[in-house]
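J.: First, the structure itself, so that you have it in front of you.
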Amino acid sequence: MKKNLTKNIPLKIMSIIVGILVWLIVVNVDDPIITKGFVISDVQIINEAYVDQLGEMVMQDDRENSVRVYITGDRKTVNRLTSSDIKAVADLQQAQSTDTDPVMIPITATCSGILPENISVSPQNLSVHLEKKVTKEFAINVTSDDSKPAQGLEIASLTANPEKVRITGPESLVGKIDSVSVDVSSKLDGIDQDTMITDAELTITDKNQDTLSSNSMSYLKFDNNGKVNVTAKLWKVRSDIRISAGYTGEPAEGYVVDSVTTVPETFSVAGSEEALNNLKLQGNTIYLDNENVDISGKSNDVEKKVNLSELLPDGLKLTSGSSTDLWITVNILPEGSKIYSFPTEDIKVKGLPDDLQLAFEVADIELKVQAEEGDLSQFDLKSVGAVLSMDDWEEGSYEVPIKISLPEGYKLLEDVTAEIKISKVSNVDSSSQ
């Protein structure tokens, strides 16, 4: 048996080689005809001018975004093809009628090296709608989100050029447009001088506040191809600006104005060089001559809230992130009285358990003190005693009464409270275990 296997080895090897060669010849000579399908997702609509002259535009059904093209030919040729070798077009002039809805346009596919009779398309027609063509003009809104220029600078203005854009498209689509904007956030971070951003792309937002898809955008035509230039102008920032506010009228009989305060006390602005120079000449103070608080006949504090951004002189603006709210308070007290700030660190705490700790939420509390006779010229704040005592001490945040002791001849006009926070004392040994 072994002898038979090893006999005529060269002849056997030659037989194998001949068999392989014969198989290769058969495969290459016998190239069968096959049919293969290709998905084409970009059917080109041609001769749109045919309906444009009627004042109409073509809109394709969203559902019909692709067709399948079948190519028949010898296997070797067909297997070399890809979708990019095939072109599918829909000729509007070949539509049977443009008066129907939808309009059905025959689809023709071509492929280099393939005869037309060997190409078929499914579906055979492209479904489209014809809509009235309209043109509408929109203002361009420039946005910068939270972008920050270099330290000490603020964006004073962002101006688009052009400031308006004309958009032409199908009536239903143009009617959905709510706003047109351009976002230049990525171009402004860290800039230290006035800057122009060129060829910024427009973003279209519909009335549902959604951004139009790329498919919808493809039906719209814009001035300047939907691109604008944006100029960013910078102003310098100045901090510690104060407000000077006044009042009109007189308080009730027996009462006087103690002070006029604002919250915030100071704030920051950005401004042009001229406006900042004028502000410096005024001691970095803005005088609100037209926002006086009327205190006529009042016996209690009077507070007025105003929009600070509307009160700034020309050439000034609040810095980004600043609140526009300004509270003006005219503090009214009985004659012979005054408001004093008493440090919370001088309040004596009684009865606090050893395993608890207490923190005051503010640095000072207000004491409204009145002299029973004469004035307050001899009043000494160091002679005031303040005590905090509670029956039940538990963790948490509280507003608690403070017992105030005044020297003889003076009285407290209002009860005093303080906000505190009580927490457990942390034990280093136990917390590290």
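J.: Being closer than 18 Å to R242 by Cα and not acidic (D, E) is the filter here, so list the residues in the range 284-304 that pass it.
T.: Passing the criteria: N284, T285, I286, Y287, L288, N290, N292, V293, K304.
J.: Given the conditions (1) under 26 Å from K298 (Cα atoms); (2) in the same structural domain as N300 (by TED's automatic domain parsing); (3) surrounded by 17 or more Cβ atoms within 10 Å (Cβ to Cβ), and given that L367 satisfies all but one, which numbered condition is not satisfied?
T.: (2)
J.: Does E373 satisfy the condition of being under 24 Å from S259 (Cα atoms), of a type outside the set (K, R), out of contact with any His (no Cβ under 8 Å at 6 or more places or on another chain) and exposed (fewer than 12 other Cβ atoms within 10 Å of the Cβ)?
T.: In short, yes.
Residue-by-condition table, conditions (1) assigned to a loop (DSSP other than H, G, I, E, B); (2) among the aliphatic types (A, V, I, L, M); (3) surrounded by 12 or more Cβ atoms within 10 Å (Cβ to Cβ):
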site: E117; (1), (2), (3): no, no, no
site: V121; (1), (2), (3): no, yes, yes
site: V128; (1), (2), (3): no, yes, yes
site: E137; (1), (2), (3): no, no, no
site: V142; (1), (2), (3): no, yes, yes
site: S147; (1), (2), (3): yes, no, yes
site: A156; (1), (2), (3): no, yes, yes
site: T159; (1), (2), (3): no, no, yes
site: V165; (1), (2), (3): no, yes, yes
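J.: Does the range 236-248 contain any residue that is assigned to a helix (DSSP H, G or I) and within 27 Å of G190 (Cβ to Cβ)?
T.: No, the range 236-248 contains no residue that is assigned to a helix (DSSP H, G or I) and within 27 Å of G190 (Cβ to Cβ).
J.: Restricting attention to the range 174-220, which residues are touching a Gly at 6+ places or on another chain (Cβ under 9 Å), crowded, with 16+ Cβ neighbours inside 10 Å and over 16 Å from T135 (Cα atoms)?
T.: Residue satisfying the conditions is L202 alone.
J.: Can I ask one more? V174 versus (1) closer than 23 Å to E56 by Cα; (2) of a type in the set (A, V, I, L, M); (3) touching a helix residue (DSSP H, G or I) at 6+ places or on another chain (Cβ under 7 Å): which is the lone unmet condition?
T.: The number of the failed condition is (3).
J.: Show the residue pairs that are 6+ apart or on different chains and have beta-carbon atoms under 6 Å apart, the first residue being within the range 37-59 and aliphatic (A, V, I, L, M), the second being assigned to a loop (DSSP other than H, G, I, E, B).
T.: Sorted first by the residue in the range 37-59, then by its partner, the pairs are V39/S66; V58/E48.
The values are calculated or read from the model by the stated rules, or taken from the named source; none is laboratory data. Only a predicted model underlies this, so the values are computations on that prediction, with no experimental measurement involved. Cβ: placed from backbone, ideal geometry, glycine included. Neighbour counts: every protein chain shown.
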